[in-house]
Each structure stands twice: as structure tokens, then as C-alpha cells.
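Comments concern the structure below.
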Amino acid sequence: MFRKHISVRDRNFVIERAKARCEYCLSPMQYSTQSFDVDHIIPISRGGDSSTDNMAHACSGCNRQKFNHMTGYDPVEAKEVPLFHPRLDKWLDHFQWNEDFRFVIGITSTGRATVEALQLNRAGVVNLRRLLKLAGEHPPQVQV
């Protein structure tokens with residue numbers, strides 16, 4: 001069932017479940033210069049619903065890039081594959097950090113396609129990771 005309004009209770013649940021981080025790029029809400037949104041993992045326009053099982057906490061950068069997409073292009077395998085699904089997939093199964101923890105590296109078809117489609121290594125988010133690393137706040141101690 002489509003709901004135009006996401007309740008405060010559901011929004012707070014989604015934030016808490018994600019440990020106040022973007023479930024795609026792992027940016028912390030506390031330090032982000034971007035607003036955060038509740039993303040419909042399976043977009044309403046694609047048959048998704050507004051249940052909390054279909055919601056992810058997303059920074060506006062990731063949410064804007066994802067838009068209503070459910071698939072992306074894996075540049076290594078040269079094919080369309082499903083994007084990362086925060087309720088079904090584990091982040092560490094699809095991604096890892098580079099040696100200085102500034103860049104997300106896709107290690108599976110889904111990971112690579114998600115890095116590309118959502119632009120997980122946007123300049124602003126990479127700069128934030130660099131500063132948070134210097135402050136001892138990155139990488140996240142608890143992976144979502």
C-alpha cells in the first residue's frame with residue numbers, strides 16, 4: 001500500500017536500524033553536509049511499498065543517484081545486474097575500502113554496479129571520509 005507520508009516512528013526506526021548512516025555509502029548523518037532521506041529500495045513506481053522492510057536510510061546524494069533504479073551496469077562483466085539491497089545484502093559481501101579508506105570498491109557485480117550507479121565515491125563524500133579518518137571517526141566501527 002502506498003503511503004504519501006512516512007510516519008515519524010517509521011523514519012526513526014529506519015535511522016536507528018542504519019545506525020544513523022547512509023546504508024549505501026556509509027556516510028554518517030552526524031557529520032554529513034547533505035540531508036538524509038528514507039529511500040524506497042524497490043521504488044513505489046516499480047511496485048514497491050512503504051513498509052519498513054522496503055526502506056533504507058540514504059544520504060541525498062545516494063538517493064538522488066538511485067532515483068527509481070533497481071539495476072545498474074557492472075563495468076567488469078559488462079552486464080546489467082541488481083543494485084545493492086540493504087535489507088537482503090550485507091555491505092561487506094559486496095564492498096570493501098581501499099587502503100586509505102577513502103574509496104568504496106565494489107567486489108561483486110552488484111557492488112561494482114552500485115558504486116557506479118550511485119556514485120559512491122563522489123568528491124564530497126570522499127573528502128568527508130578523509131577528514132573523518134583524520135578525526136578517528138572513519139571507517140565505521142560497526143558495518144551496516
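Report summary: the helix-based calculation at 222 nm, which adds -39500 (n - 2.57) for every DSSP H run with n ≥ 4 and divides by the residues of the chain, gives -8000 deg cm²/dmol.
Determine the dipole magnitude for the chain: charges of +1 sit on the beta-carbon of Lys and Arg, -1 on that of Asp and Glu, nothing else is charged, the reference point is the Cα centre, and the result goes in debye to the nearest 20. Mind dumping the intermediate values first?
Working: 19 positive and 16 negative charges, 81 e Å.
Around 380 debye, computed over the chain.
Summing +1 for each Lys or Arg and -1 for each Asp or Glu, what net charge is found among the other residues whose Cβ lies under 12 Å from the Cβ of residue 141?
Working: positive: 19, 21; negative: 137.
Summing Lys and Arg as +1 and Asp and Glu as -1 gives +1.
GNM on the chain, C-alpha springs below 10 Å: top fluctuator among 12, 98, 127? Looking only at 12, 98, 127, the largest GNM fluctuation is found for 98. Packing, as the average of other Cβ atoms within 10 Å across residues, places the peptides 113-123, 39-49, 130-140 in the order 113-123, 39-49, 130-140, highest first. The stretch 80-110 and the stretch 1-79 have Cα centres spaced 15 Å apart.
Over the chain, Cα pairs under 8 Å with separation of 6+ residues give a relative contact order of 20 percent.
The numbers here are math on the coordinates, done by the rules we state, and not lab data. Keep in mind that what you see is a predicted model, and the values were worked out from it rather than measured. Here the Cβ is made from the backbone with ideal geometry for all residues, glycine too, and neighbour counts use every protein chain on show.
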